[in-house]
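Below is one structure, written out as structure tokens; comments come after it.
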Amino acid sequence: MNTLEIARELQALAQSGLHFTEDVYDRERYERLQTIACEMLADQSNQAVADIFEWQKNDFGYATPKVDVRALIIHNHQVLLVRENADMGRWTLPGGWADVNDTPSEAITREVEEESGYQVRTKRLLAVLDREKHGHQPPYPYHIYKLFFECQLIGGEAKPTMESSESGYFDPNDLPELSISRVLPEQIQRLYQMSLLDTLQTWFD
């Protein structure tokens, strides 16, 4: 394991330990372990220690990965991308964090409409990927699973939103500058090929 993975595991052990322990002395030890883990996470992810502590304060119970959902939407052999306000105008597949009480398909249809103005129907799950294993930058302090769905347009219209300034269709082999924190060009190209081949096998890990 690298240092970031060690820090994540320490944080997860501390968080889960705090959730289950009833011993006051163990709680004190887990809190100290959590502090050390948060400081390591801040150092490895180039985020402020205060931001890591704030995230940790709002995350309790047994530690599990966070879930990011993304939509592959194809029209006339081109892929729909949105231009993110939060990442210097770089482009990505529409998507974001899954919310509590959302099913996976509800999460992606909501995110697509919030980011692009389009309404979609979820067709199938194409991929479940561990963000850490695919070279996304920058590194995040928490562990993330990325779910990629193939979706079909059913309504709505393109419009700027709170999260993105515009949307557009692009050739998967001629992409604009991407938000590689969210999606990589090789991921878009492989997902596009999976859609064309109509393969039933899910890409995972």
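The values are calculated or read from the model by the stated rules, or taken from the named source; none is laboratory data. All figures in this text were calculated on a predicted structure; none of them were measured in a lab. Note that each Cβ is placed from the backbone with ideal geometry, even for glycine, and that neighbours are counted across all protein chains shown.
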### Task
Determine if segment 133-152 includes at least one residue that is part of a helix (DSSP H, G or I) and under 15 Å from the mean Cα position of the chain (by Cα).
yes
### Query
Of these, E84, E106, E132, which one is of a type in the set (D, E, K, R) and free of Cβ contacts under 8 Å to residues at least 24 places away in the same chain?
E106
### Message
Can you pull out every residue in segment 153-165 that is surrounded by 13 or more Cβ atoms within 10 Å (Cβ to Cβ) and within 20 Å of the chain's Cα centre (by Cα)?
### Response
T161, E163, S164
### Index of the failed condition, T199 passing every other in (1) under 19 Å from A98 (Cα atoms); (2) free of Cβ contacts under 8 Å to residues at least 24 places away in the same chain
(1)
### Task
Filter segment 166-205 down to residues that are within 21 Å of T122 (Cβ to Cβ), more than 18 Å from the chain's Cα centre (by Cα) and of a type in the set (A, V, I, L, M, F, W, C) and give me whichever is surrounded by the fewest Cβ atoms within 10 Å (Cβ to Cβ).
L200
### Task
With the condition kept exactly as written, say whether any residue in segment 105-124 is under 17 Å from the mean Cα position of the chain (by Cα), of a type in the set (S, T, N, Q) and farther than 17 Å from I188 by Cβ.
yes
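Matching residues to (1) in contact with a Gly (Cβ under 7 Å, 6 or more places away or on another chain); (2) over 29 Å from L4 (Cα atoms); (3) surrounded by 17 or more Cβ atoms within 10 Å (Cβ to Cβ):
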| site | (1), (2), (3) |
| --- | --- |
| L93 | no, no, yes |
| G96 | no, no, yes |
| D99 | no, no, no |
| T103 | no, yes, no |
| T109 | no, yes, yes |
| Y118 | yes, yes, yes |
| D130 | no, no, no |
### Query
Right, A71: surrounded by 20 or more Cβ atoms within 10 Å (Cβ to Cβ) and not assigned by TED's automatic domain parsing to the domain that holds G155 or not?
no
#### Entry: One residue from V69, V79 being part of a strand (DSSP E or B), under 14 Å from E114 (Cβ atoms) and among the aliphatic types (A, V, I, L, M)
V69
### Which listed residue is of a type outside the set (D, E, K, R), within 21 Å of I144 (Cα to Cα) and at pLDDT 90 or above, from Q15, Q47
Q15
